[in-house]
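The values are calculated or read from the model by the stated rules, or taken from the named source; none is laboratory data. Just so it is clear, the structure is predicted and the values come from calculations on it, not from any experiment. We place every Cβ from the backbone using ideal geometry, glycine too, and count neighbours over all the protein chains shown.
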Amino acid sequence: MNDFGTQVRPGVLRTPDERFEGLPDYPFAPHYLEAPGGGLGPLRMHYVDEGPRDAPVVLMLHGNPTWSYLYRRMIPAVAVQGWRVVAPDMIGFGRSDKPASREAYSYDRFVAWMLAFVETLDLRDVTLVCQDWGGPIGLRVLSQAPDRFAAVLAANTLLPNCEPPPDGAPGWPGAAIEAWIEACRTQDDLPVAELVARATVERPPENVLRGYQAPFPDARYKAGMLQITCGIPVDASSEGLEANRAAWRVLEGFSRPFLTAFSDGDPATIDWEPVFQRRVPGAAGQPHARIAGAGHFLQEEQGPALAAVLLDFLHRNAR
């Protein structure tokens, strides 16, 4: 594949639309808005938008190396029940634009892009559903615009603060996280489909794995998925650490409903489950769920089960 039709302008790549044709269980019409790209110019950001436009919003945020495709088995089940489901692709992922340089990405920029997305669509009465990086990014957005959020469902996610228990997770970051960061820091290419497959209990079908690979025709498109991992706060000098601690202070005053739904097969995040339950007032008395038969990407392996937990949460807290 050459650059023709894939380079929007110098330094910005866009995955060709044909890469997304015929993906299993992903029939959703694309929607786009522009996010500020600084010196790169406006960046096109893709999102799924299903259900009544005037209904309460369920904002589903993916992590790395996935995109809104991860939520394909949940979106219809929630939209048909009357909620507006919005599932964006972060800059550098999915059908969104992909700056080609690693220097274009940082943890704070991912937060700024997502905050701009929420403000541009003027999303309100939002139930945030966040997994993997959807938590560190989405919860930071919530901390900056708390009045826009009505509830949170946190699934296999975290908000790193480099604090000892009980305020932080024990042993953070641990050898596995440090090895993952080092791999992303030193490699120019990683196999996206295989990364997803390795983090599941049962290997997804090959046509599904092709869906996760679709946004990344080759290594040039992977700067964002490699660099985002390098932004995980792991020590006192990390970018975003103080902002994360400030976000925790907001969460410690967040009394709106906060539910955890972690899986039974994700050692990378499970230690954060009790931290959320203990520190967020809105988590008290909630029927926190443990989803069986799933690894890190529980939406992929147990999407209907997670959708059922989400719908029960939405119905119980409908205003």
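Things to note:
- Counted residues, segment 251-286 - those being under 13 Å from Phe313 (Cα atoms), in contact with a Phe, Trp or Tyr (Cβ under 8 Å, 6 or more places away or on another chain) and either part of a loop (DSSP other than H, G, I, E, B) or modelled with pLDDT under 95 (or both): 3
- Taking residues in segment 110-131 that are in contact (Cβ under 8 Å) with a residue 40 or more places away in the chain, and partners anywhere that are among the hydroxyl-bearing types (Ser, Thr, Tyr), the pairs with Cβ atoms closer than 7 Å and at least 6 places apart or on different chains are Cys130/Thr157; Gln131/Thr157.
- Failed criterion for Ala87 (all others in (1) within 25 Å of Ala193 (Cβ to Cβ); (2) touching a Gly at 6+ places or on another chain (Cβ under 9 Å); (3) in a strand (DSSP E or B); (4) not hydroxyl-bearing (Ser, Thr, Tyr) hold): (2)
- Qualifying residues in segment 113-158 (those that are in contact with a helix residue (DSSP H, G or I) (Cβ under 7 Å, 6 or more places away or on another chain) and of a type in the set (D, E, K, R)) - the one farthest from Arg278 (Cα to Cα): Arg124
- Restricting attention to segment 93-108, the residues being outside any helix (DSSP H, G or I), buried (at least 21 other Cβ atoms within 10 Å of the Cβ) and in contact with an Asp or Glu (Cβ under 9 Å, 6 or more places away or on another chain) number 2.
- Residue within segment 64-82 that is in a strand (DSSP E or B) and in contact with a strand residue (DSSP E or B) (Cβ under 7 Å, 6 or more places away or on another chain) present: no
- Count - residues of segment 292-302 that are crowded, with 21+ Cβ neighbours inside 10 Å and either over 19 Å from Glu273 (Cα atoms) or over 18 Å from the mean Cα position of the chain (by Cα) (or both): 2
- Some residue of segment 20-40 being at pLDDT below 95, in contact with a strand residue (DSSP E or B) (Cβ under 9 Å, 6 or more places away or on another chain), farther than 30 Å from Asp125 by Cβ and not in a strand (DSSP E or B): yes
Yes/no per residue for (1) modelled with pLDDT of 95 or more; (2) under 27 Å from Arg316 (Cα atoms); (3) of a type outside the set (Gly, Ala, Ser):
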residue	(1), (2), (3)
Pro65	yes, no, yes
Met74	yes, yes, yes
Ala100	yes, no, no
Ala104	yes, no, no
Leu153	yes, yes, yes
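- Condition broken by Pro166, with the remaining ones in (1) in a helix (DSSP H, G or I); (2) out of contact with any Ser or Thr (no Cβ under 9 Å at 6 or more places or on another chain); (3) not aliphatic (A, V, I, L, M) satisfied: (1)
- Some residue of segment 146-161 being of a type in the set (Ser, Thr, Tyr), in a helix (DSSP H, G or I) and in contact (Cβ under 8 Å) with a residue 12 or more places away in the chain: no
- Residue in segment 121-134 that is over 14 Å from the mean Cα position of the chain (by Cα), modelled with pLDDT of 95 or more and closer than 21 Å to Leu13 by Cα present: no
- Taken over segment 287-307, residues that are in contact with a strand residue (DSSP E or B) (Cβ under 9 Å, 6 or more places away or on another chain), of a type in the set (A, V, I, L, M, F, W, C) and part of a helix (DSSP H, G or I) amount to 3.
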